[in-house]
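Below: one structure, written as structure tokens.
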Amino acid sequence: MSTPVRASDRDLRALAAIVSQDRPDLPDGEGLPLSLLADLKDQIRCDGIRLERYDSGRHAWSLLQAIPAPSDDELKASEDPDPALSEHFWACHWDCQVCSYPERTGDLRSVVKASDFYSVRQWHSTGMYSEYIRPEGFDREMLLCLPAGHRRSLRLILWRGPGPDFSERDRALLMLLRPHLHQAFLDAERRRHPVPRLTPRQKELIHLLAAGHTNTQIARRLGISEGTVRTHLETIYERLHVSSRTAAVTRAFPDRFA
């Protein structure tokens, strides 16, 4: 990959305006405020933006958001994939160097382009391009990943039709925006699904849970019986709408697992 280019003062002012705005437009489902994506599209010239969720462990993929809006066929393929087509998609995914880069390397921080790995002729000869990308009108793409749990990622894909590739200036801007986009995603999730309030005792207990203490150790630390600990846990699970210790800690402390 090329050496990153320093963003200009004008670019930095534009990025500051993007990340400092209070965005009231929450998505209907999981995702980012559409006004943020629209501003990003204006700042880094592209024909479209897609936010997709990948679970490479389960070979599951879903389209969360897209500008322009996705077609009904795209949404149906995302929400209810045909098993045979899904298997073929993941075969193409693993064969595609840019698509499988995050899983192959564990690198979720770099912003990558198809041209980092392929010449135009090589890119057009890949199964992923010919089967899935070209039919959508894409030709150039730039990919940013956000963490979403073990073997999972959120992928923000900026794409263009035939013509000039994304520049190193474009890559530098997206790199600078990456932590702010991640925070915007977490903020949107919190606003859509606020963590239920816990009592001071429940908070004390779940902090000990997060530190890895067993029920016996928690009982000793709090001076209560193990039965009382179990009762508190059952109440906490019910309040947080979860069914396990790990899920309760993740729900109570979402930033810790971002």
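The values are calculated or read from the model by the stated rules, or taken from the named source; none is laboratory data. Quantities reported herein were computed from a predicted structural model and do not represent experimental measurements. Every residue, glycine as well, gets a Cβ built from its backbone with ideal geometry; the counts of neighbours run over all protein chains shown. Heavy atoms of the whole protein, side chains included, go into the accessibility calculation; ligands, DNA and RNA do not. Shrake-Rupley method; radii C 1.70, N 1.55, O 1.52, S 1.80 Å.
Couple of notes before you dig in:
- Absence of a disulfide-compatible partner, taken as no other cysteine beta carbon within less than 4.7 angstrom, is noted in the chain for 46, 92, 145.
- Applying 1/(1 + (r/R0)^6) with r as the Cβ-Cβ distance of residue 28 and residue 130 and R0 = 30 angstrom yields a FRET efficiency of 0.35.
- Centre-to-centre, using Cα atoms only, the stretch 79-127 and the stretch 43-73 are separated by 14 Å.
- FRET efficiency, residue 220 to residue 21 (Cβ-Cβ, R0 51 Å, nearest 0.05): 0.55
- Using a Förster distance of 25 Å, the FRET efficiency for residue 109-residue 228 (Cβ separation, nearest 0.05): 0.05
- Reported value for the stretch 87-141: 79 Å³ per residue, from the convex hull of its C-alpha atoms.
- Inter-probe distance in nm under a simple model that places probes 7 Å from Cα toward Cβ, at residue 119 and residue 183: 4.4
- Computed over the chain with a Gaussian network model linking Cα atoms closer than 10 Å, the most mobile of 160, 45, 239 is 239.
- Label-reachable residues, the stretch 150-178, where backbone N falls under 19 Å from a point 7 Å from residue 247's Cα toward its Cβ: 150-152
- Packing, taken as the mean count of other beta carbons within 10 Å per residue, orders the peptides 127-137, 13-23 from highest to lowest as 127-137, 13-23.
- Every helix of 4 or more DSSP H residues in the chain counts as -39500 (n - 2.57), and over all residues that averages to -14000 deg cm²/dmol at 222 nm.
- Angle in degrees between helix 226-240 and the longest Cα principal axis of the chain, rounded to the nearest 10: 40
- Cα gyration tensor category, rounded, prolate or oblate, for the stretch 9-86 with a/c compared to 1.5: prolate
- Pairs of Cα atoms nearer than 8 Å and 6+ residues apart set the relative contact order; for the stretch 152-258 it is 23 percent.
- Rounded is the label for the stretch 42-156. Its Cα gyration tensor axes, ordered a ≥ b ≥ c, give a/c under 1.5.
- Carbon + sulfur, % of accessible area of the chain - ligands and nucleic acids excluded, 1.4 Å: 51
- Highest-MSF residue in the chain out of 62, 35, 225 [GNM, Cα springs under 10 Å]: 225
- Normalised by 2.2 N^0.38 Å, where N is the number of residues, the C-alpha radius of gyration of the stretch 134-258 stands at 1.55.
- Lysines whose Cα lies under 19 Å from that of residue 41, excluding same-chain neighbours fewer than 8 positions away: 113
- Comparing 173, 240, 181 in a Gaussian network model of the chain, where Cα atoms under 10 Å apart are tied by springs, the biggest mean-square fluctuation is seen for 240.
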